[in-house]
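One structure below.
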Amino acid sequence: MERERRSSPQTLTILQTLAAQPRAWRHGYDLSAQTQLKSGTLYPVLMRLSDRGFLDSKWEESELPGRPPRRMYRLTAQGRAYAKSEVAAHRASRATVKLARSTP
Amino acid sequence: MRAELDYAKSDAAALSWAFGCVLAGMNERVHTMMIANGRISRWILIVEWLACFGPLTLLWCFAVANAFSPDAPSVVLVVAAAGAIGPLALAISMLTTLTGAQRGLRPVAQGLAVLFAIAVLLRLADALANGGLRLQWFESNGSVFVLLALLPLAGSLHLVHILGSRPSNAPAAV
């Protein structure tokens with residue numbers, strides 16, 4: 001029996017944050033600050049999303065001399081579609097739960 | 001990851017960030033070192049199904065073969081009817097293992113597990129009603145209890161677990 005697994009709440013938060021400005025490149029620290037996720041949670045999710053082709057990434061030279069470059073991320077077209085479908089599925093499941101709870 | 005430290009607002013935030021990066025790195029390292037997936041070879045599974053459901057299936061075959069004789073005792077008819085869950089479980093487990101079919105089979109496997117659990121409970125209740133679970137009872141009924149009740153229950157529970165697990169080609173959650 002094939003079961004489709006939905007994204008974790010943390011993944012959903014990151015997808016929503018990235019989808020809010022789909023064309024903008026975002027740093028890991030910036031994403032962490034906005035999503036309130038720690039680096040230990042954020043980076044594994046970013047790596048999985050990159051592995052699945054949902055994220056584009058590039059290196060940006062640091063403004064500070066002698067410092068390592070920063071990695072920046074944004075959603076690919078496939079990632080945008082995935083984010084849209086995941087957010088829609090999450091909303092639908094929440095609506096179903098709400099309806100089930102309100103039904104006596 | 002490391003470059004972000006320059007942008008942390010405080011030393012505490014930088015320390016927390018660095019600690020998280022170490023954890024993420026270790027997690028990824030362990031993940032890439034995992035070369036086994038814990039899945040059981042289908043040949044081992046076939047042996048397991050034969051061991052779990054084979055004895056009950058053989059007993060059922062014997063009961064069916066003798067059920068139509070005019071002097072068949074009533075217990076043979078009962079075994080021929082109730083023992084049909086043995087070959088059914090064997091057929092489903094073999095079908096799942098050999099063809100990979102899963103769709104719609106989990107509820108059937110769950111039903112079988114419930115029936116086998118009832119069989120185990122009935123056996124135990126019978127033992128308790130006839131002097132309790134003593135060594136004597138195990139000596140005379142232990143092998144029957146294990147072969148016809150406990151092993152089928154264990155096999156059916158494993159089958160339910162297998163039918164509920166994610167197929168290897170399904171998308172992983174991230």
Practice problem: Quick one: count up the residues across segment B:99-119 that are out of contact with any helix residue (DSSP H, G or I) (no Cβ under 7 Å at 6 or more places or on another chain) and at negative phi. | Solution: 6
Exercise. Return yes or no: is residue A:20 of a type in the set (A, V, I, L, M, F, W, C) and free of Cβ contacts under 8 Å to residues at least 12 places away in the same chain?
Key: yes
Self-check item: Within segment A:73-104, considering residues that are over 14 Å from the mean Cα position of the chain (by Cα) and among the hydroxyl-bearing types (Ser, Thr, Tyr), the one farthest from residue A:32 (Cα to Cα)
Solution: A:103
Exercise. Could you list, in sequence order, all residues of segment B:1-56 that are modelled with pLDDT of 80 or more, not in a helix (DSSP H, G or I) and not polar (S, T, N, Q)?
Key: B:8, B:9
Practice problem: Could you look through segment B:42-69, keep only residues that are polar (S, T, N, Q) and open to solvent by 40 Å² or more (accessible area, probe 1.4 Å), and pick out the one that is farthest from residue B:157 (Cα to Cα)? | Solution: B:69
Practice problem: Identify all residues within segment B:138-168 that are within 15 Å of the chain's Cα centre (by Cα), open to solvent by less than 70 Å² (accessible area, probe 1.4 Å) and free of Cβ contacts under 8 Å to residues at least 24 places away in the same chain; write none if there are none. | Solution: B:165
Exercise. Search segment B:93-136 for residues being more than 14 Å from the chain's Cα centre (by Cα) and of a type in the set (Val, Ile, Thr), and hand back the single one that is nearest to the other protein chains (Cβ to nearest Cβ).
Key: B:99
Quiz prompt | Of residues in segment A:36-56 being over 20 Å from residue B:17 (Cα atoms) and over 11 Å from the mean Cα position of the chain (by Cα), the one nearest to the other protein chains (Cβ to nearest Cβ) | solution = A:52
Exercise. Can you tell me which residue among B:64, B:47 is among the aliphatic types (A, V, I, L, M), out of contact with any helix residue (DSSP H, G or I) (no Cβ under 9 Å at 6 or more places or on another chain) and more than 17 Å from residue B:119 (Cα to Cα)?
Key: B:47
Quiz prompt | helices (runs of 4 or more DSSP H) contained in segment B:70-137 and holding at least 3 residues open to solvent by less than 30 Å² (accessible area, probe 1.4 Å) | solution = B:85-99, B:105-129
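The values are calculated or read from the model by the stated rules, or taken from the named source; none is laboratory data. Please read all numbers here as calculations on a predicted model, not as lab measurements. Positions of Cβ are generated from backbone atoms using ideal geometry, with glycine treated the same way; all protein chains shown enter the neighbour counts. Quick note on the areas: whole protein, heavy atoms, side chains included, nothing else; ligands and nucleic acids left out. Shrake-Rupley method; radii C 1.70, N 1.55, O 1.52, S 1.80 Å.
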